Amino acid sequence: MADRVRQPRRNERFFGGSGLSMRVLVVGQGGREHALCWKLAQSPSVTRVFCAPGNTGTALEATNVDISATDIAGLVRFAKQERIDLAVIGPEAPLVLGVSDAFTLEKIPVFGPSRIASELEGSKVFAKELMRLAAVPTAEAKSFTDADAAIAYVGERESTPLVVKADGLAQGKGVTVCADKAQALEAIERIMRAREFGDAGKRVVIEERLDGEEASILAISDGTTIVPLETAQDHKAAFDDDLGPNTGGMGAYSPAPLVTPTMMDQIIGQILVPTVHAMNRQKRPFKGVLYAGLMMTHQGPKVLEFNVRFGDPEAQPLLMRLKSDLGLLLHATATGTLAELPPLEWDPRPSVCVVMAAAGYPGDYQKGATIRGLDEAAKVPDVKVFHAGTAKRGNDVVANGGRVLGVTAVGANIGAAKLQAYQAVKQIRWDGAWCRKDISDKARKHEQIAADEPAGQ
Ligand code: AMP
Ligand code: GLY
C-alpha cells in the first residue's frame, strides 16, 4: 500500500557511491529523451547509455540504436544482447502497448508502468472511473460508447461549457475545449463517427470545463513510496499570451510559483496518494512517473488528466535542476526500493525551457532545413540545448519534427533564466524557425504577487 509520502531519511548505503555501474537503455526520440540521456550520462551509477531510436541530440550523450520505440520484441532482444541493467521508457505509446511487461518478463528492471497501469493515460474513461473511486478532485464527467447517446446528452445540457475527449491516445489532439454546443456536437462527430483518431474514439468522455491556471505535478512512485518532484508549468498554446491552437508544449519552467507549499500538500494528500492507493486496490501497482495535469481552480487543484511518463517539455527544466543521481532514482523505482533513497537534491535556481518549432507547427510542418548556430548557443553560460525533432544530413543538423529544440537555462531567478534561454535562442537559426517570446512570464507574475503580499500572509 502507498502508505506514505516519503520524507526520506539519510541512508548511509547511498552515500559515497551506490556500487551500481549500470548499462541503461532509454526508449524514445524527443526532447524528454535527450534530457534523460544527458542526466543519466552524468549519473555516477551509470556507465553506458543507449537510446532507441534517439535523435541527433541523444547521440551526443549516448549511443543511438536504430530500433523503433514501439518495436517491443526488438527492444527486449537488444537489451538482452547488451546486458542492459535498466530500461527507461520515455513516451506513452510503448507503455500502453506493454513494453514494461515485456522487460519484466525477462527480469530486466524497467522504469515505466505496466500495460494495465498505463491505462491511467491510455484510457480517459478508466482514469475518470479511478478518480471517482478514489474521490480525487476532477471535472464532472460522463463517458459514452454510443454517439447518439453522447449527442443527446449534449443536447440536454444547459449552457455549461463542455470539453469532449477521445478515450484513447491521440497524440495530444483528442481534447476539444468547446465554446458552445455546436462545437461539442462537431467534436463527437469527428471522434466517434469519422473516427479521426481511429479506435481511440470508440468512447468519449464529456466533462465540464474548468477555469484557472494549469500546472504540471510529477511524482515518482514504485507503488509503495511516492517522491514528488519539483513543480513545473507547461505552455500548451502555440502563440504568446496563450493564443492559438494547442500544441505538445511550447515551453516550460520550474518551479511554478503558482503552486504554493500549502497547495502542494493538498495535491499530495488529495490527488497523488489516493491515486497510487487506488491503483494498488485495482491490482495495477504504479511504478514510474505519475504526471498530474492540474487546473488550479477557485475550489482548489483539480485533475485535468494523468500521464504515466515525464512531460515533454517539463522534463527538460526539471532534469536540469535535479542534482541527485537519476540512474539511482529510476533503478530504485524499477526495483521497488525508493524508500531507501536519500531525499532528492535540487538546484534551487529556477530553469526555463523555450521550444523552437518548425514553420507550420502544430499543423503540417516543413522538414529538412539546416540548423545553424548550435555551437554558439552551447557557449551561452548555464544553457543546455535539448534536441527534440532533429536529424543528421552529412555534417549538418536538420529540422526533422514540429518541435525541433528545447533551449533550457538556469538562472539566479526566473527572469535571469529566461534571459539566458532567449540569449541562446538568438544564436540559433533555420528557415522558418519560431518560438513563443513569453515563456515563464506567468511565473514572474506570481512571484510579484507573492512579493506584494504583506509579510505573514
Ligand atoms: P490533454 O490532452 O488531456 O492533456 O488535455 C489538453 C488540454 O486541454 C489541457 O492541458 C487543458 O488545457 C485542456 N483541458 C482538458 N480538460 C479540460 C477541462 N475539463 N477544462 C478546461 N480545459 C481542459
Ligand atoms: N507537456 C505535456 C505532455 O507532456 O503531455
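Read-outs: derived from the displayed coordinates by stated rules, not from any lab. Worth saying up front: this structure is predicted, and the values here are computed from it rather than measured. Positions of Cβ are backbone-derived with ideal geometry, glycine not excepted, and every protein chain shown enters the neighbour counts.
Of note:
- Total charge dipole magnitude, the stretch 324-385, about the Cα centre, Cβ charges on Lys, Arg, Asp, Glu only, Debye to nearest 20: 300 debye
- Residues whose amide H lies under 5 Å from that of Trp346, counting only those 5 or more places away or on a different chain, are Lys323; hydrogens are built 1.01 Å from N in the peptide plane.
- Full-extension gain in nm, Arg195 to His277, via 0.36 nm per residue minus C-alpha separation: 26.1 nm
- Positive end of the dipole of the stretch 96-254 (Cβ unit charges, origin at the Cα centre): among Ala238, Thr145, Leu210, the Cα lying farthest that way belongs to Thr145.
- Cross-link partners of Lys202 among lysines, defined as those whose alpha carbon lies under 20 angstrom from its own and excluding same-chain residues fewer than eight positions apart: Lys124, Lys128, Lys142, Lys165, Lys173.
- In the chain, taking the dipole from charged Cβ atoms about the Cα centre, the farthest positive-side position among Thr176, Ser68, Pro381 is held by Ser68.
- Glu340 paired with Ala359, simple spin-label distance in nm, labels 7 Å along Cα-to-beta-carbon: 5.6 nm
- Hull volume per residue, based on the alpha-carbon atoms of the chain and their convex hull, is 149 Å³.
- Rounded to the nearest 20, the size of the Cβ-charge dipole of the stretch 295-445 about its Cα centre is 460 debye, with Lys and Arg at +1 and Asp and Glu at -1.
- Karplus-based coupling profile of the stretch 245-255, in residue order and whole Hz: x, 6, 10, x, x, 9, x, 7, 8, 8, x, with θ = phi - 60° in 6.51 cos²θ - 1.76 cosθ + 1.60 and x standing for Gly or Pro.
- Loop-located trypsin sites (Lys or Arg not before Pro) in the stretch 250-293, at most 13 other Cβ atoms within 10 Å (DSSP): Lys283
- Mean residue ellipticity (222 nm) of the chain, computed from DSSP H runs ≥ 4 via -39,500 (n - 2.57), nearest 500: -8000 deg cm²/dmol
- Each Lys and Arg Cβ is given +1 and each Asp and Glu Cβ -1; about its Cα centre, the stretch 75-221 then shows a dipole of about 520 debye.
- In this structure, the amide hydrogen of Ser351, modeled 1.01 Å from its nitrogen in the peptide plane, lies closer than 5 angstrom to those of Ser254, counting only residues at least 5 positions away or on a different chain.
- The alpha-carbon positions of the stretch 213-352 define a convex hull whose volume is 114 Å³ per residue.
- Converting phi to 3J(HN,Hα) with the Karplus coefficients 6.51, -1.76 and 1.60 and the offset θ = phi - 60°, the stretch 95-106 yields 5, 5, 7, x, 4, 5, 4, 5, 5, 4, 4, 8 Hz in sequence order, with x at every glycine or proline.
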